[in-house]
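The structure under discussion appears below in the form of structure tokens.
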Amino acid sequence: MAKIFTDLLGAIIGSVGKVSYYMRYSDNIARRKGAERKSSDSPAAVEQRKRFGMLVELTQNLQPAIVIGFPQRKRGLSAGNAFHQLNKDICTVEGDIITVDYEHLLCANGQLVVPDVTVSYQAANSKLAFVQTAMEEEVNCNADDLVYGVLLEKEKGFCRLVQLRVRGEGGSTSAALPQGWKKENLIVYTFALSANKKKASKSQFLELEEEA
């Protein structure tokens, strides 16, 4: 049995292979399963382990977005576990192939209105251009809400947050494609966060348009 000291994502709960993770009081515990409790090799059990393993990987990869993107969650639930619960069906398994539905994945969640943002890739200078439309104030839509872009290199597993403009301001924000990243592996999202960082919007997948 081992005690885990987690980062800002919080506790891990579930099983990966022969290791089970659970909470005991305020500690996150990892326990190796005994030989007498051999993991099932049924197709359903193998598929579940693969899906859980991919969710753990996605949680680690998207950490910069997740740690601020889930401020509204049940008491005692970590941002990482909130992400797990919301995206538990985001992965499908066919044989040895695991597919992630990035278009419907949510790396942020909450009651705020989703910001109005588009993004394009400028091949000439390897830069991304986020174009944001100013939005009028209404319920859960405040002029001072912070708007973010989320860049994920799905093959390398790297993530970067790009702070855009406040919701009430329109305009374009440029961001360089990080060195070593490939445009074809790039997944882009956007979401809003209240000025006090206590509320968020759902994240939204952005279609990446390409400019010459």
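All of the numbers you see were taken from the coordinates with simple rules; none came from a lab. Values in this document were obtained by computation on a predicted structure and should not be read as measured data. Here Cβ is always computed from backbone atoms with ideal geometry, including for glycine, and neighbour counts include all displayed protein chains.
Mind scanning K50/K127; K154/K202; K154/K197; K74/K127; K156/K197 and naming the pairs with a C-alpha gap bigger than 32 Å?
Result: K50/K127; K74/K127 exceed 32 Å.
Which residues' amide hydrogens lie under 5 Å from the amide hydrogen of Q72, considering only partners 5 or more residues apart or on another chain, with H built in the peptide plane?
Under 5 Å from the amide H of Q72 lie the amide H atoms of A200, each far enough along the sequence or on another chain.
Order of F130, F83 from fewest to most other C-beta atoms within 10 Å?
On the way: F130 23, F83 28.
Exposure proxy ranking, most exposed first: F130, F83.
Rounded if a/c is under 1.5, else prolate if a/b is larger than b/c, else oblate: which is the range 79-212, with a ≥ b ≥ c the root eigenvalues of its Cα gyration tensor?
Oblate.
Please list, in order along the range 161-166, the HN-Hα scalar couplings obtained from phi with the Karplus expression 6.51 cos²θ - 1.76 cosθ + 1.60 (θ = phi - 60°), rounded to whole Hz, x for Gly and Pro.
8, 10, 7, 8, 9, 6
Within a 10 angstrom radius of the beta carbon, how do H84, H104 rank from fewest other beta carbons to most?
H104, H84
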